[in-house]
Structures are given as structure tokens and as C-alpha cells.
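The values are calculated or read from the model by the stated rules, or taken from the named source; none is laboratory data. Keep in mind that this is a model prediction, so the values were computed, not measured. For neighbour counting, all protein chains shown are included, and Cβ atoms are generated from backbone atoms with ideal geometry for every residue, glycine included. For the accessible areas, the whole protein counts, side chains as well, though only heavy atoms, and no ligand, DNA or RNA atoms are used. Shrake-Rupley method; radii C 1.70, N 1.55, O 1.52, S 1.80 Å.
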Amino acid sequence: MNGPRVRFAPSPTGYFHVGSARSALFNWFIARQSPDGVFILRIEDTDTDRNREEWVDGIVSAMAWLGLDLDAGPFRQSANHVAHTDATQRLLDGGYLYFCDCTGDDVAARKGDNKTPGYDGFCRDRGLARGERTALRFATPRTGATVVPDLIRGDVEFQNIVIDDFVVAKSSGAVLYALANVTDDRNDAITHVIRGEEHLPNAPKQMLLWSALNAVTGVDVPLPAYAHLPLLVNEQRKKLSKRKDPVATESYRDEGYLPEAFVNYLALLGWSPRGDEEIVPRQTLINEFRLEDVSHSPAFFDVKKMRSFNGEYIRRLSLDEFLAAVAPWVRPWATNWQPTDRTVPWTKEQFDEALFTRVAPLVQERVAVLSEVPSMVAFFFLDTAPYDDADFAKTIANDPLNQALLAAAIERFASEEWNATSLHASVVELGEAMGLNLRKAQAPIRCAVTGSLVGPPLFESLEFLGRERTLTRLREALERCSA
RNA sequence: GGUCCCAUCGUCUAGUGGCCUAGGACAAUACCCUCUCAAGGUAUAGGCACGGGUUCGAAUCCCGUUGGGACUGCCA
């Protein structure tokens, strides 16, 4: 029982941020590197004004989707409030805390051009007792320095004089993040605190709190190792914002990213596996990951690259795996999970599973995300082809020669042997008779049958669609011209 | 303003004093393949922010400059 004990401690205040997903992943790597490693999910929900239960569900299901399995939890930090208030009382008794009745305006007014940040310790020696508007502050040392031994960055030194007397408990009695987090980390015997770089300035405060708690409880829990991950930034090199940037992990799932691809890409933000190969199995990521190798500088979350990875992962799927993966987008009525805000172009009755199974290999190598599949195969299931008006006008409506070719095709296809090879040969001949190469000759047929100029290979598509439906569509296209 | 962090192709990174005329991946461009679109193949272009040191030798170590970022809440 002396393996690493790590925790992922998000606050449920919104969608599951991709940066959070990466923090969770790196924590999970550390836990999974040891047979007795422990990965804990702790929901930090002490701010009752901002937390919503649905966001907790979002975190839990997103982590399950990514395959980040838990050894303990999910726990609610709010469930530990007795431990938090107990810790507060002990610190108060031990002389580490004092009451303060300053309002935010008071603090700001007194600050003036004082160069040290935050609160100036005005109430530290006023000997205030608990009152209706008294918050509890931690009396930070005024001399010396606190060194955060960061596994990624090395020692980071903070002069104690610049660490202000931060609030530990609100006047309402509610214990705040800094103390709640440290109390829980001590109780959980966390060995590695792995989190975003925005928490680096919190680290010395929490170390001070940790040591004070050790002294005041008589229980000497060793300090955890710290690792502050480089931030994920947008194109403007600013921290990824929930409001302005596409950061919701859920939305990538809805779009049809594979969890393995998502995990692989996330792992590459601030770290890289050995050698020149970037697409590597999860087990390799686990085996090779080292906090000491994580880069120090912010990383841009590049959706383009992730798309490319996802396409690669999709192409590596077996047919059965692909069919299973794409099911929520093509037959959502039969799956446990459905992407939100996506409508399928066909009805349950129109969908033909056997036909889709034959068609699937054609689209599997053509999509980067699974949500692209429906529009690519819709013409197989819809009663009439979903026409792209511009394509239709260009290749059929305004092109008499192509109309003649369609008429010839109708004649020829009526008796043609119905397979891709012979259809291919017959369109070559049809084209030659009219002085068209295959590239030109296939276009009007493709447009008439599939509705657009781009799509899966034409002759296989015709074979799968069948003679009758193909002929019907060719006729409909011609009728559409004269209408 | 203060504290702290950071700095290799457009982007993510390899690189831990000589293996670097700096490697890979995504994106870009060209060509090949080809029934469209993709995929695949081949090739091209593109980078050590700047200035000082240290050293026989620096992308790698030190200092400074510049630039970027995080934090600076009775949020987490």
C-alpha cells in the first residue's frame, strides 16, 4: 500500500473542460503506472452558488467515456464539511488563524500603492472574536520563504512576505477551497498533486496549511509532490476560456471523436512518447509517461491535428468496431447513448442495417469524425436523392450532353449485369461513345443517383443501391430537368 | 503595479554541451495514384526571440533584454 495516490479534483461549474480532461488523464497515468496506484475523483463542490448536480454527471460520464476508471469516488467535498470545520477549529486553537471583519472595499482602500498583493494583515493583531461578519484568515509567516518542489519546473521559491493572509473560512462559516482541498488531500494521503499551472500560486499557501495541520493534529502526513501542468491555450495564447473557446469534452464526443484518439491527442499536449511515432496505444502512454518530461510552456489545443488523429484511429478500426462506434450517429434508436443536437436524416424504417454494413467500409476511410457519416450515406436510405442544387444545375440541368448520357445509361443499365465491375465498364463505354472520359462520364450519374458530386465510390454504391432504385433515380433526374 | 511561470518550424513537440548542415507529427505546397471526394505514396518549404558571457565547442549552462502567460476573490 505505498503506491502513488492521486486525485482529480474538478469543481462542477460547467461542461467538462478539455484542460480538465488532460489533468485527469495525467493523474490517471501516474496511478496506472503502479499496480497499487490509486486514482480518486473528488468533486470540489464547496461553492454552493456555482455548482450544479448535472455538471457532476457530466464529469463522471465524460471520464467513463475516456476510460479513466476510478479506484475511489466520486466523492463530494461537501460531504467532508465536518472534517473541514474541525481542521479550522484546530488551526484557530493553534494560533494559525484570526478573525477579520474587513470588507472587500476596506481591503482595497487600505491597499493603496502597497506593493505586496492582497490583504495587508490589518486584523491580525486586533484580537477580534467571532462575529457576524468575521472571516477567518491564515496568518502567513512574515519572514523566510516557501519553496514548492515542482516535479515539472523544479523548485519554485515564494517569499513568505508576499503571501497574503488569505481567507480560510467565510463569515458564514463555510470553509474555502484552500483549506478544504488541503484537508481532503491529507485525509486521502495524496502523494502527487497534479494540476494546472494556474494553481502554482496556491501551492505555497497550501504547503503552509499542510504543515500547520500536521503540527496541530499531531498527525504528520508527508507533503505531496507537486506537478503544475502547462496551460492549454487558444490561438491568441490565452488560457482556454469556457465562454469563448470550444472546450467542452462532451461536444467532441457528440461530434464523433473516438475516446482513444482523444486520449492520445490530449497526452501529446505538453508531453510526447519516445521515438517518432505519435499515435501510440494507451498502454504505451501509461508506460512511458513521466511528469519530469512534461514541457514547461503552454500548448495550443489544435483541433485540426486532433481531427487528423481521429481519422487515423477510425481507419484502424475493424469493420465491426467501426459499426459499433458509428451506431449512435446512424441508428441512435438502438444505442444506449445518443449524441445531443444531432438529427439522423433517415427514419428507423428507412434505415437498412444490412445495406449499411456493406457501405460502411466505403465511408470508414473517408471520415475524420463519426458525425460526418450520415450525410455521406443518406442517399442510400432516403426515398429520393438529397440534391445539391448547385451540383445538379451544373452537371445535369444545364448540360444537354450529360442528359443524353443519363438517357443512354437508363437504357444500358436495364440489362447490365449488376455489379461494380461491369457497371464501371459500361460507363466507360457510354462515355467513349460520347467522347467523354470516365471522369466526365461518371459525374452526371453520380449526381443523379447520390445527389452530389462528392461521395463514396460510385460503382460500388450503384451495386449496393440496386438496379431498380438506380434506374428510378436516373429517370427522376431527367424529369427534374423538364419540370 | 506586484509575485510567479514560460520562450525550437504556423501548431504540438524531439533535443538535456559535440551524434544538429536541428528530427518527427498536424497544417501548407507540388507531383504520383485515381470514377468524385478522401485515403495512400513521394517531394518541397518552414524554426533554436535578441544580446552578452562560460567552454576547445552551445538549441542545450549562466546573466540580461524583449515578448507572452498565470495569479493577485469571504471562486476553484
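Side notes on the structure shown:
- Taken over the range A:296-319, residues that are small (G, A, S) and either open to solvent by less than 40 Å² (accessible area, probe 1.4 Å) or touching a helix residue (DSSP H, G or I) at 6+ places or on another chain (Cβ under 7 Å) (or both) amount to 2.
- Candidates A:Y257, A:Y226: the one that is aromatic (F, W, Y), part of a loop (DSSP other than H, G, I, E, B), buried (at least 19 other Cβ atoms within 10 Å of the Cβ) and more than 7 Å from RNA strand B (Cβ to nearest atom) is A:Y257.
- The range A:164-199, subset touching a helix residue (DSSP H, G or I) at 6+ places or on another chain (Cβ under 6 Å), under 28 Å from A:V233 (Cα atoms) and of a type in the set (V, I, T), residue farthest from RNA strand B (Cβ to nearest atom): A:I194
- Flag: A:A83 does not match the condition of being open to solvent by less than 10 Å² (accessible area, probe 1.4 Å) and either at positive phi or in contact (Cβ under 8 Å) with a residue 40 or more places away in the chain (or both).
- For A:F464: the one exception among (1) under 25 Å from A:A360 (Cβ atoms); (2) among the hydrophobic types (A, V, I, L, M, F, W, C); (3) touching a Gly at 6+ places or on another chain (Cβ under 9 Å); (4) buried (at least 17 other Cβ atoms within 10 Å of the Cβ): (3)
- Yes/no for A:L179 being within 21 Å of A:L229 (Cα to Cα) and modelled with pLDDT of 95 or more: no
- Candidate set from the range A:71-105 (those that are among the acidic types (D, E) and modelled with pLDDT of 95 or more); member that is farthest from A:D125 (Cα to Cα): A:D71
- Residues within the range A:131-147 that are among the hydrophobic types (A, V, I, L, M, F, W, C), open to solvent by less than 50 Å² (accessible area, probe 1.4 Å) and more than 8 Å from RNA strand B (Cβ to nearest atom), tallied: 4
- Test: A:V6 is open to solvent by 30 Å² or more (accessible area, probe 1.4 Å) and modelled with pLDDT of 95 or more: no
- The range A:263-316: number of residues that are away from RNA strand B (no atom under 11 Å from the Cβ) and in a loop (DSSP other than H, G, I, E, B): 3
- Condition check for A:D125: over 18 Å from A:Q206 (Cα atoms), more than 12 Å from RNA strand B (Cβ to nearest atom) and not in a helix (DSSP H, G or I): yes
- Test: A:F301 is closer than 17 Å to A:P281 by Cα and either touching an Asp or Glu at 6+ places or on another chain (Cβ under 9 Å) or free of Cβ contacts under 8 Å to residues at least 24 places away in the same chain (or both): no
- Within the range A:390-426, the set of residues being in a helix (DSSP H, G or I), under 46 Å from the mean Cα position of the chain (by Cα) and over 15 Å from A:E479 (Cα atoms) comprises A:A390, A:D391, A:K394, A:A420, A:T421, A:L423, A:H424.
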